[in-house]
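Inspection log for the structure reproduced underneath, given as structure tokens.
The values are calculated or read from the model by the stated rules, or taken from the named source; none is laboratory data. All values reported here derive from a predicted model rather than from experimental measurement. So basically every Cβ, Gly included, is an ideal-geometry build from the backbone, and we count neighbours across all protein chains shown.
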Amino acid sequence: MKDELIRQSRTDDVVWLTLNNPDSMNALSLPMLEALDAHVLAVRQDASVRCVVITGAGKAFCAGGDLLGFRADLAEPTTDRLLNRLRFAQDVFERIEALPMPVIAAVNGYAIAGGLELLLCCDMVIAVESARIGDGHARYGIIPAGGSSARLPRKIAANRANYLLLSAELLPAEVLESWGLVNRVVPDGGLESAVGKLARTVSQHSPLGMKAIKSLLRDSGKTSLEDAARAEITAFQSYAKSGDFHEGLAAFVEKRKPVFEGK
């Protein structure tokens, strides 16, 4: 793994992945994407991980794609290398979105273009007051290629998604909290504590239950309301056979805190 680009730390069942190239404002260069992908794949295979936090080092969460890398790719005779890079970025984002455990974006500063696309793949977003978030593609005559036009209208109202993509404006975290994109805004300096508390809370839930809920939420937008509701029954039928389900019921009856083992 390219550990110099992604710094991984762990507290109990929670893994923190920190984009660690502050000089570039954590731009998503190909090596950065490869390093992030390697860590995401490792986390997915570790059943002991119950929550993942993604954040950035320095003053930015992520300032977007590596435009210098784009220019180098465009110097090639064809656009194949650039398109392959963009496809790979989408693959990495999809693997983050598909992680079975909750993923929290801890937005410590600027989240622009590809940085916005990265946080859109996370289940929850906590940002500091000074964070500025937006899609800056249009400012440089570029169009989205990391999924913002697909995911953003599924997260917030269409007219607000239009505004972010078409204006290329960076908005304060508090505005995007009111729009529903950011779950919570915390004071500068309080991000690690707030996210750590949230991560500890969700990490104590049933990992099987979290996986089932994430799957239901992800699939609900692909079908009708009736079919999405029926899918809950199918998922419940399977989950009811688990040890976690029976542990939760027993803990409720016995008035104690459940201890979930993911079985």
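Checking 180, 147 one by one, the residue that is in contact (Cβ under 8 Å) with a residue 40 or more places away in the chain and farther than 19 Å from residue 100 by Cα is 147 and no other. Return yes when residue 157 is small (Gly, Ala, Ser), without any contact (Cβ under 8 Å) to a residue 24 or more places away in the chain and in contact with a Leu (Cβ under 7 Å, 6 or more places away or on another chain) and no when it is not. So residue 157 does not fit the description; no. When 118, 165 are checked against the criterion of being in contact with a His (Cβ under 8 Å, 6 or more places away or on another chain) and modelled with pLDDT of 95 or more, 165 stands alone in meeting it. Each residue in the range 121-154 was checked for being within 27 Å of residue 202 (Cβ to Cβ), in a loop (DSSP other than H, G, I, E, B) and out of contact with any strand residue (DSSP E or B) (no Cβ under 8 Å at 6 or more places or on another chain), and 2 of them qualify.
Scanning the range 11-33 for residues that are without any contact (Cβ under 8 Å) to a residue 40 or more places away in the chain and either assigned to a loop (DSSP other than H, G, I, E, B) or more than 18 Å from residue 107 (Cα to Cα) (or both) yields 20, 21, 31. Only one entry of 27, 47 meets the criterion of being in the same structural domain as residue 102 (by TED's automatic domain parsing), among the hydrophobic types (A, V, I, L, M, F, W, C) and under 28 Å from residue 84 (Cβ atoms), and that entry is 27.
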